[in-house]
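Structure, as structure tokens:
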Amino acid sequence: MNITSAAALDNSAATTQHASNTTASTSIITNNEQSGRKRPRSASTSPSPATALMPPSYKPLPFYGDHKRAVSSLSFAPSSTSRSNVGGGDSSSSVIATCASASADGTAKIWELTKGMMDQAKDPIYERLLEREASRAGATDGEGNAPASVDVGGVSTTSPRASPANTSGGGILSSSSRPLQPKITLVGHFRGINEVTWSPNAAYLATASDDKTCRLWDATTGDALVEFRGHTNFVFSCKFNPRSNLLVSGSFDETVKLWDVRCGECVSTLPAHSDPVTGVDFNRDGTCVVSGSHDGLVRVWDTA
């Protein structure tokens, strides 16, 4: 009689069970492959947080423009106004964007941004300066004042909080920033300007002012071309139609007016709202005008 120990029987049973499980597992995998189903990915194959889409990093250019009083409106030229240096010179002088600003000081200014200005923002020394200033922006001396200087790359510069150009704004203005000279300064309004806007072809600018008028300007020469008179109170907003032959304006006098750009005549007055009109615009094909007001209403007008 053959006698088998209990341990041997247990080992044999375990071996048989393992073989059975392996066979069943192989059968399941084979069936899944034949039916076209895929096995779930393991957690280790999921996207890593490090590869997730990161937001862009924004850096101020080392330049700034200024007005004597509060800036009320800004607008980039809508069409490409970039141009290269005449004669094929240094490409850094190529203009890549043109911006207009308007202010409570009664002026509007046109600023040109060049390729060279954009390149300077990528300079390693300037990047290190921004990092150092950002890290020290909250640092103070024993009397609560910002450090008088920052030393970067062997160059000592004035702290952004101590910079005269930064004392009124409270924000960080890099101590390496330099003032821009406007290409053109538009002078003619005798009170503050509330809005500046470009014509769709970027050939003209229009401004709306507290002096109750709108004005049309040549964007190349800065010449005042047309004055639009007719509102009886502050003019808050103005916009060109797509063909640049009409201008719409909204005023504190609660009306919306449409103007012939060529001669400055008012072609229509809309008793739009029961409170000051704060915003106006044309739609894409110029067949509608929209207006908004302190009365809480947005109204749409058919101009076709």
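A few points about this structure:
- Residues that are under 30 Å from the mean Cα position of the chain (by Cα), closer than 19 Å to residue 110 by Cα and of a type outside the set (S, T, N, Q) within segment 226-251 comprise 238, 239, 240, listed in sequence order.
- Within segment 246-262, tally of residues that are open to solvent by 40 Å² or more (accessible area, probe 1.4 Å) and modelled with pLDDT of 95 or more: 3
- Residue match in segment 223-238 (condition: more than 26 Å from residue 273 (Cβ to Cβ), open to solvent by less than 40 Å² (accessible area, probe 1.4 Å) and not hydroxyl-bearing (Ser, Thr, Tyr)): no
- Segment 209-222, residues that are open to solvent by less than 50 Å² (accessible area, probe 1.4 Å) and either of a type in the set (S, T, N, Q) or out of contact with any Ser or Thr (no Cβ under 6 Å at 6 or more places or on another chain) (or both): 209, 210, 211, 213, 216, 217, 218, 219, 222
- Screening segment 280-304 for residues that are buried (at least 16 other Cβ atoms within 10 Å of the Cβ) and out of contact with any Leu (no Cβ under 9 Å at 6 or more places or on another chain) and picking the one that is nearest to residue 240 (Cα to Cα) gives 281.
- Considering (1) surrounded by 18 or more Cβ atoms within 10 Å (Cβ to Cβ); (2) of a type in the set (A, V, I, L, M); (3) part of a strand (DSSP E or B), the lone condition that residue 272 does not fulfil carries the number (3).
- Residue within segment 189-208 that is touching a residue at least 60 places away in the same chain (Cβ under 8 Å), touching a His at 6+ places or on another chain (Cβ under 9 Å) and surrounded by 14 or more Cβ atoms within 10 Å (Cβ to Cβ) present: yes
The values are calculated or read from the model by the stated rules, or taken from the named source; none is laboratory data. Keep in mind that what you see is a predicted model, and the values were worked out from it rather than measured. Positions of Cβ are generated from backbone atoms using ideal geometry, with glycine treated the same way; all protein chains shown enter the neighbour counts. For the accessible areas, the whole protein counts, side chains as well, though only heavy atoms, and no ligand, DNA or RNA atoms are used. Shrake-Rupley method; radii C 1.70, N 1.55, O 1.52, S 1.80 Å.
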